[in-house]
1. Are any of the pairs 156/179; 69/103; 39/69; 27/108; 108/180 more than 19 Å apart by Cα-Cα distance, and if so, which?
2. May I ask you to derive the relative contact order of region 1-154, considering only C-alpha pairs under 8 Å and at least 6 residues apart, and to give it as an integer percent?
3. Treating the beta-carbon of each Lys and Arg as +1 and of each Asp and Glu as -1, no other charges, what is the dipole magnitude of the chain about its Cα centre, to the nearest 20 debye?
4. When Lys and Arg each count +1 and Asp and Glu each count -1, what net charge do the other residues less than 12 Å away from residue 181, Cβ to Cβ, add up to?
5. Could you check the spin-label model distance between residue 104 and residue 20? Points 7 Å from the Cα along Cα→Cβ, value in nm.
6. Can you give the accessible area per residue of the chain, in Å², using a 1.4 Å probe?
7. Pop a pseudo-label 7 angstrom from the Cα along the beta-carbon direction at both residue 157 and residue 63 and give the gap in nm to one decimal.
8. Treating the beta-carbon of each Lys and Arg as +1 and of each Asp and Glu as -1, no other charges, what is the dipole magnitude of region 1-82 about its Cα centre, to the nearest 20 debye?
Amino acid sequence: ALSPAFDHILPPDLPARYGSFESCVEKLTAEIRAASPEKYDQLLLAGHSMGGLMARAYLQNEKPANARKLVCAGTPHYGSKLADIALLLPGAGARWQPLRALKTSARKEVTTPDIPGLEIGAIVSTNNAHWPGKLFLSSSSDGLVESFSAIPPDAKCVAYTTASHDPMQYDRTTAALIKKFFQQGTF
């Protein structure tokens, strides 16, 4: 949905379901480096869920001077209560390694990339449409991530959507919000 507005889009292929958070960040870094981001005036990043955390880690580690905007959609900046619950199951951390990076104790502080001119926006949903969310989270969640966790302290602005967690990444309204933030620095 963003392709008509932006010439060069890199949708990274990350092992986010089974690889470790660190291996995902390494792969993201390698894919961005291969695209030679330094040849562009602006580097704009958007990440959904754990992808927002990975984008923050990339920015923190690499500090690209042309990084201008980051949008985190449904990102558990302060961790996920559901990850905490899932990790109580025997073997869950070994089978789904990213859960370790999403537990609340692993996300005590939000990684704030120290890059002059970088603006950060957050997209948050309050549509608790997933059964685990309905059982274990407050009504103010997207079904997997509670709203408070999706709002980082360094967000310039926050937008709210009705798309629940998984559909958010394919939602046209979410794409329009990302586009607006990339172009105008606001939602």
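The values are calculated or read from the model by the stated rules, or taken from the named source; none is laboratory data. Quantities reported herein were computed from a predicted structural model and do not represent experimental measurements. Methodologically, a virtual Cβ is constructed for each residue, glycine included, from the backbone with ideal geometry; neighbour enumeration extends over all protein chains shown. To get the accessible areas, we keep the full protein, side chains included, count just its heavy atoms, and leave off ligands, DNA and RNA. Shrake-Rupley method; radii C 1.70, N 1.55, O 1.52, S 1.80 Å.
1. Details: 156/179 15 Å; 69/103 26 Å; 39/69 16 Å; 27/108 24 Å; 108/180 30 Å.
Too far apart for the 19 Å limit: 69/103; 27/108; 108/180.
2. 22 percent.
3. Working: 19 positive and 17 negative charges, 49 e Å.
With Lys and Arg at +1 and Asp and Glu at -1, about 240 debye.
4. Details: positive: 68, 69, 156, 179, 180; negative: 119.
Residues near residue 181 contribute +4 overall.
5. Label at residue 104, label at residue 20, 2.6 nm between them.
6. Values: 9700 Å² over 187 residues.
With all protein chains present, the chain gives 52 Å² per residue.
7. Result: 2.9 nm between the two label points.
8. Numbers: 9 positive and 8 negative charges, 54 e Å.
About 260 debye.
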